[in-house]
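Taken together, the values in this text are just the output of simple stated rules run on the coordinates, not laboratory data. Please read all numbers here as calculations on a predicted model, not as lab measurements. All Cβ positions, glycine included, derive from the backbone under ideal geometry; neighbour counts span all protein chains shown.
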Amino acid sequence: MSELLKAGTPAPDFEAVTHDRGRIRLSDFRGNVVVLYFYPKDNTPGCTKEACGFRDVFDDLKDLGVVVLGVSKDSVKSHESFAKKYGLPFSLVSDPEGEVISKFGAWKQKSMFGKSFLGIRRVTYLIGRDGVIAKVFPDVKPEEHAKEVLEAVRGLQA
């Protein structure tokens, strides 16, 4: 289990593969606001609602110069299918070893059926154009989260 990063902290750089099999580095997006959201698993109810929420406000975010990146441990193939099925216009980052998840403190102790395990915390980081974390959204509600992030981005622009 790891601690969430705090606003005002430089976002740690990472390199990873996306659902369209491209390689990205977080530092490639310097100069843009980045929404970096972590979610447990493709094609699950909450994660689908959250991803579709970002899809639905994507044009507004894009108009504000925002890059959206979703991160989970799912494979590139799973992300590819998930993105296609729901028409997701942003990159899904595959982090099967949990390296990016660890850097951003997105591991959380969870329990199911009386068993305890480490799982991905649903958390979003809003990263400013300078690469510094502007806002952290811990333990988000998938249904309304994308609109909450859009409002926060608009607040940064003001």
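Sites listed here are trypsin sites (Lys or Arg not before Pro) in the range 4-109 whose DSSP assignment is loop and whose Cβ has at most 13 other Cβ atoms within 10 Å: K6, R21.
Amide H contacts of F14 (H built 1.01 Å from N, in plane; Pro and chain starts excluded): L26, S27 sit under 5 Å, all sequence-distant by 5 or more or on other chains.
Summary value for the chain: 34 percent relative contact order, contacts being C-alpha pairs under 8 angstrom separated by 6+ residues.
For L118, the residues whose modelled amide H falls within less than 5 Å of its own, excluding neighbours fewer than 5 places apart on the same chain, are K110. Within the straight-line cut-off of under 29 Å between alpha carbons, the lysines reachable from K147 are K6, K41, K49, K62, K73, K77, K84, K85, K103, K108, K110, K135, sequence neighbours fewer than 8 places apart in one chain being disregarded. By the beta-carbon count within 10 Å of each Cβ, the least crowded to most crowded order of L69, L64, fewest first, is L64, L69. About its Cα centre, the dipole of the chain is roughly 340 debye, where the only charges are +1 on Lys and Arg Cβ and -1 on Asp and Glu Cβ. Quick one: plug the Kirkwood hydrodynamic radius of the chain (C-alpha pairs) into Stokes-Einstein at 25 °C, 0.890 mPa s, and report D in µm²/s. Roughly 158 µm²/s, to the nearest whole number.
For the range 19-31, the Karplus equation 6.51 cos²θ - 1.76 cosθ + 1.60, evaluated at θ = phi - 60°, returns couplings of 4, 8, 6, x, 9, 10, 10, 4, 5, 4, 9, 3, x Hz by residue, with Gly and Pro reported as x. Each label was represented as a point 7 Å from its Cα along the Cα-to-Cβ direction; for K6 and D63 these points are 3.6 nm apart.
Given 0.36 nm per residue, what is the gain on full extension from K84 to Q157 after removing their alpha carbon distance, in nm?
Between K84 and Q157, full extension yields 23.2 nm more.
Evaluating 6.51 cos²θ - 1.76 cosθ + 1.60 at θ = phi - 60° for every residue in the range 96-104, the Karplus couplings come out as x, 8, x, 5, 5, 4, 5, 4, 9 Hz, glycine and proline recorded as x.
Comparing I127, V34, V100 along the charge dipole axis of the chain, the residue lying farthest to the positive side is V100, per the Cβ-charge model.
Here each label is just a point 7 Å from Cα along the line to Cβ, and for K141 and R25 those points are 4.0 nm apart.
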